[in-house]
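S.K.: Below you'll find the structure I mean.
Derivation of every value follows stated rules applied to the coordinates shown; laboratory data play no part. Keep in mind the model is a prediction, meaning the values are calculated, not measured. No Cβ is skipped: glycine too gets one built from the backbone with ideal geometry, and neighbour counts run over all protein chains shown.
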Amino acid sequence: MGINSVCISDCNKTNNLIRDCFKYEEKGITDINYNQYKKDTFKKIKRKKPELIFLDFDEIMIDKLDIFRDSSYKPYIVFILDNKKVIHKIIKFNRLNYFTADCILKPLNEKKLIKTIERFFNYHKKSKNQNNKKIKFNLNNEIVYLYKSDIFYITTCEKYRMINTKKDNYYSNKSLKYYEKKFKDIGFERINRYYLINMNKVQKIKKINYRKIIIYVEDIYKKIRVGRKYLKKFK
């Protein structure tokens, strides 16, 4: 089964080269011409939700990435760049991991692209393994193993920490700071004094004003306000 992929570029040579490399890898790719879609390109990408996006990127397009801020859809984006100067802007924008970013500099060639595609497949395999791996929680009187995808958030509940999942709530006497440190590399973010959120469960992030940002958690219809100390992370 092929990877659901798109290439956003106004250069036919780029599209054809990427398509040929995917044929070499025995995977399918769908091409999308950037000029053809114009302002609607990213909205259509979000609707179709490809796993892998090749994006012929220019600095003036940075604002278009906003569409990934308020979504649980987190693609792997390969930024095709003219120079390295824009990389720090991509990193700054993506500090909360709205997507997984990779970069490749022009001029493109088959060797560069095949290495990039191999990185994606390694990431894809690792990501699948991580999602299928259970997280161990040492609770007060028992040990439980939970899938990351089942956890919505961890919050303070009186003197305990409550781990909220699809099926049940679990209680631990470990501090929120302990879980923040333990899970910082697997997509959990501290958003205020009382909440640690699984960012893969965020439906949208709504900026009311420069002092008020609300996070909506998918499936459970919960709204959580970002604390003042953490606002910079979401702006």
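S.K.: What net charge is computed for the residues neighbouring ASN173, neighbours being all others with C-beta under 10 Å from the C-beta of ASN173, Lys and Arg scored +1, Asp and Glu -1?
M.R.: Around ASN173, the surrounding residues sum to +3.
S.K.: In a GNM of the chain with a 10 Å cut-off on Cα contacts, which of ILE143, ILE67, ILE117 has the highest mean-square fluctuation?
M.R.: ILE143
S.K.: Take the cross-link list LYS115/LYS222; LYS182/LYS204; LYS134/LYS223; LYS49/LYS134; LYS39/LYS134 and give me the ones stretching past 32 Å between alpha-carbons.
M.R.: Exceeds cut-off: LYS115/LYS222; LYS39/LYS134.
S.K.: Per DSSP helix of 4 or more residues, -39500 (n - 2.57); summed, then divided by the residues of the chain. What does that give at 222 nm, rounded to the nearest 500?
M.R.: -8000 deg cm²/dmol
S.K.: Here is a further query. Using the alpha-carbon atoms, what tilt in degrees (0 to 90, nearest 10) does helix 110-132 show relative to the longest principal axis of the chain?
M.R.: It works out to around 20 degrees.
S.K.: Where a ≥ b ≥ c are the square roots of the eigenvalues of the C-alpha gyration tensor, would you call the chain rounded, which needs a/c under 1.5, or, failing that, prolate if a/b is larger than b/c, or oblate?
M.R.: prolate
S.K.: Between LYS126 and TYR160, what is 0.36 nm times their sequence separation minus the Cα-Cα distance? Round to one decimal in nm.
M.R.: 9.0 nm
S.K.: Take the Cβ-Cβ distance between SER149 and ARG95 as r, set R0 to 22 Å, and report the resulting FRET efficiency rounded to the nearest 0.05.
M.R.: That pair, SER149 with ARG95, gives E of 0.45.
S.K.: A follow-up question, please. Amide H of ILE213: which non-local residues (sequence gap of 5 or more, or other chain) have their own amide H closer than 5 Å, using H built in the peptide plane?
M.R.: Amide H to amide H, under 5 Å and 5 or more residues apart or across chains, ILE213 pairs with ILE208, VAL226.
S.K.: Let me ask something else. So the label point goes 7 Å from the Cα of ASP168 along Cα→C-beta, right? Which residues of the stretch 102-138 then have their backbone N under 16 Å from it?
M.R.: 135-138
S.K.: Rounding to the nearest 10 and keeping the result within 0 to 90°, find how far the Cα-based axis of helix 12-24 lies from the longest principal axis of the chain.
M.R.: Result, in degrees: 70.
S.K.: While we're here: Step through the residues of the stretch 180-188 one at a time and calculate ³J(HN,Hα) from phi using the Karplus curve (6.51 cos²θ - 1.76 cosθ + 1.60, θ = phi - 60°), rounding each to whole Hz and writing x for Gly and Pro.
M.R.: Listing the rounded values in order: 4, 5, 5, 10, 5, 9, 10, x, 9 Hz.
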